[in-house]
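Read through the structure below, which is laid out as structure tokens, and then see the notes.
The values are calculated or read from the model by the stated rules, or taken from the named source; none is laboratory data. This is a predicted model, so every value here is computed, not measured. A quick note on method: Cβ atoms are made from the backbone with ideal geometry, for glycine too, and the neighbour counts reach across all protein chains shown. When the accessible area is computed, the model is the full protein with side chains, heavy atoms only, and any ligands, DNA or RNA have been set aside. Shrake-Rupley method; radii C 1.70, N 1.55, O 1.52, S 1.80 Å.
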Amino acid sequence: MCLGDDPTCAAFAEHRLRYRRDMEPERRAFLKSTFAATGGAAAMLAGGTSLVSPALAQASAAKMAGTRAAKGAGHTAHYHLPANADTVHWGYFSKSLKPQVEIDSGDFVTIETLTHHANDDAERMVKGDPGAESVFLWTKETKGVARRGAGPDDAKLGPGGGLGVHICTGPVAIRGAEPGDVLEVRILDVAPRPSANPQFKGLAFGSNAAAWWGYHYKDLLTGDRPREVVTIYEIDATGRRDWARAAYSFRWPGVTDPNGVEHPTIDYPGLPVDHAKTKRNFEVLKGIRLPIRPHFGTMGLAPAEAEMVNSIPPSYTGGNIDNWRIGKGATMYYPVAVPGALFSVGDPHASQGDSELCGTAIECSLTGTFQFILHKKADLAGTSLESLDFPMIETAEDWVLSGFSYPNYLRDLGPDAQSAIFEKSSIDLAMRDAFRKMRQFLMHAQGLTEDEAISLMSIAVDFGITQVVDGNWGVHAIVKKAIFAERPA
């Protein structure tokens, strides 16, 4: 039988992709940690270091086993959540959304996600794909997903007003999740969504928009100023090529949507671009390979402070963090704010640099497989997760803390928070928040004194700009697990 080593096999590409995925060290390590946790043993990542202590892992696993026994189920379940007009919500989080699926702690869910930029090239990213076609359907008579954003239904640009842009699949409700709990979300796999157009078989595509909300927009040197430029990137959907290349670029031509509303800039998500009106540059970025690192820009839980929350600014329950480290092999920890937690994911990216400077990443539809572990508040005392009130990233080698200009802008900025946040963000504020969170983590989780923590932060913690385009700007702080290798538990 071909194991991905026989080029004459009719299914060689499929077998090769499967072989590569199965053999990846981080995949094997993560599957092992998944097995350990669901079996009731300690949840251990590389080097035996995790935010989840053996005692907490055992307590959470015991609750999983009790739930399964009460239901007469012997194993965790695996669900599949497709992306279509019935399963997505566009541009907002809400504590009142009806769950698309309800699961138990320990269960797995494979979730399809669509980029909200797919209509930048519908021929490559929408055509022939029933799920994408249902979401992006827009004629004068009908709209696949009417609401796009957290704004009013009668907004000039369309329902929701574009106050929030990300297509989010979900939510997923976790039975028994309550405010004060922590939800652990393990990203077991991430794969690009192949183009369904036979003309582009084996390929996937993404869009990068250098747009009006980008950091660069009012600081251009050449050509017409200002301008919005979209670059379409090509990705090998089979996994045989681990880099992307530019396909072409074009100036935003201005769009008149099917309802007759004019959009001189990219001011509403999912606008259909008519390439008969663009001049495409197929010579862009020739000879340059862009390493891909697929991840989810927007992933998190529903906040409690408002009924409908713009998907753009990130906050304490996650959301649009836009950190490329939230990809395969990573684990996210979120404080639960509402019953059921209500997890949603979207804004899929093929690649992004720290800062997301021009406004977007390579916005590319992806499918992820996740495992959800619920840690109850009563079991958190004395653990590293006891005081967690912000989203935290864990990889095999690092702990990554997310600092924002306003840690909980919905609370911090009052009734006008969702508009005020776009006027008040700064890197200084985000850096201050990242510093305070890292200090708290080192003192609480690692048992350092404040003086020890401050010294360590200056010599061993890397602070980086996560993004400067999402309203609530972000700075992340990265500390290597290895520096604690000899520290007593």
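Do you know which of the residues in region 351-368 that are in contact with a strand residue (DSSP E or B) (Cβ under 6 Å, 6 or more places away or on another chain) and open to solvent by 30 Å² or more (accessible area, probe 1.4 Å) is nearest to A485 (Cα to Cα)? The selected residue is D354. Taking the listed residues R411, R436, the one that is modelled with pLDDT of 95 or more, farther than 20 Å from N323 by Cβ and charged (D, E, K, R) is R411, with no other qualifying.
Condition (residue is modelled with pLDDT of 95 or more, in a helix (DSSP H, G or I), acidic (D, E) and touching a strand residue (DSSP E or B) at 6+ places or on another chain (Cβ under 6 Å)) applied to region 416-433: is it met by at least one residue? Scanning region 416-433 turns up at least one residue that is modelled with pLDDT of 95 or more, in a helix (DSSP H, G or I), acidic (D, E) and touching a strand residue (DSSP E or B) at 6+ places or on another chain (Cβ under 6 Å).
Rundown of residues vs (1) within 21 Å of I174 (Cβ to Cβ); (2) surrounded by 16 or more Cβ atoms within 10 Å (Cβ to Cβ); (3) in contact (Cβ under 8 Å) with a residue 40 or more places away in the chain, yes/no style:
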{"position": "T256", "(1), (2), (3)": "no, no, no"}
{"position": "I266", "(1), (2), (3)": "no, yes, yes"}
{"position": "L271", "(1), (2), (3)": "no, yes, yes"}
{"position": "F282", "(1), (2), (3)": "no, no, no"}
{"position": "I288", "(1), (2), (3)": "no, no, yes"}
{"position": "M308", "(1), (2), (3)": "no, yes, yes"}
{"position": "G329", "(1), (2), (3)": "no, yes, yes"}
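P194 fulfils the conditions (1) surrounded by 24 or more Cβ atoms within 10 Å (Cβ to Cβ); (2) part of a loop (DSSP other than H, G, I, E, B) except for a single criterion, (1).
Considered as a group, the residues in region 369-383 that are open to solvent by 10 Å² or more (accessible area, probe 1.4 Å) and in contact with a strand residue (DSSP E or B) (Cβ under 6 Å, 6 or more places away or on another chain) include one that is farthest from V468 (Cα to Cα), and that residue is L374. Taking (1) of a type in the set (D, E, K, R); (2) closer than 16 Å to N208 by Cα; (3) touching a Ser or Thr at 6+ places or on another chain (Cβ under 9 Å) in turn, E307 satisfies each apart from (2).
Yes or no, residue by residue, for (1) crowded, with 24+ Cβ neighbours inside 10 Å; (2) free of Cβ contacts under 8 Å to residues at least 60 places away in the same chain:
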| site | (1), (2) |
| --- | --- |
| A69 | no, yes |
| T87 | no, no |
| E102 | no, no |
| S105 | yes, no |
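For every residue, the table says whether it meets (1) outside any strand (DSSP E or B); (2) under 15 Å from W90 (Cα atoms); (3) not small (G, A, S).
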site	(1), (2), (3)
G297	no, yes, no
A304	yes, no, no
R325	yes, no, yes
G353	yes, no, no
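Checking each residue in region 384-404 for being surrounded by fewer than 23 Cβ atoms within 10 Å (Cβ to Cβ) and hydroxyl-bearing (S, T, Y) picks out S384, S387, T395.
Exactly one residue out of F484, F435, F422 is open to solvent by 20 Å² or more (accessible area, probe 1.4 Å), closer than 25 Å to Q352 by Cβ, touching a residue at least 60 places away in the same chain (Cβ under 8 Å) and of a type in the set (A, V, I, L, M, F, W, C), and it is F422. So which of A276, A209 ends up being of a type in the set (G, A, S) and either buried (at least 16 other Cβ atoms within 10 Å of the Cβ) or assigned to a strand (DSSP E or B) (or both)? Criteria check complete, one pass: A209. Scanning region 128-161 for residues that are open to solvent by 70 Å² or more (accessible area, probe 1.4 Å) and not in a loop (DSSP other than H, G, I, E, B), which turns out nearest to N310 (Cα to Cα)? Out of the qualifying residues, it is E133. Counting only helices (runs of 4 or more DSSP H) that sit completely within region 1-101, those holding 3 or more residues that are modelled with pLDDT under 75 and more than 30 Å from V309 (Cα to Cα) correspond to 12-23, 25-38. Return the residue satisfying two criteria in turn: it lies in region 225-241 and is part of a loop (DSSP other than H, G, I, E, B) and either basic (K, R) or modelled with pLDDT of 95 or more (or both), and of such residues it is most open to solvent (accessible area, probe 1.4 Å). Among them, the one singled out is R225. Restricting the first member to region 193-207 and to residues that are under 12 Å from A132 (Cβ atoms), and the second to residues that are of a type in the set (K, R) and in a strand (DSSP E or B), no beta-carbon pair is closer than 6 Å while six or more apart or on different chains.
Of the set (1) under 30 Å from A70 (Cα atoms); (2) of a type outside the set (S, T, Y); (3) open to solvent by less than 30 Å² (accessible area, probe 1.4 Å), all apply to G202 but (1). The one condition from (1) closer than 27 Å to F136 by Cβ; (2) touching a strand residue (DSSP E or B) at 6+ places or on another chain (Cβ under 9 Å) that Y333 does not meet is (1). Scanning region 242-254 for residues that are in contact with a Pro (Cβ under 7 Å, 6 or more places away or on another chain) and either among the β-branched types (V, I, T) or open to solvent by less than 40 Å² (accessible area, probe 1.4 Å) (or both) returns a single hit, G254.
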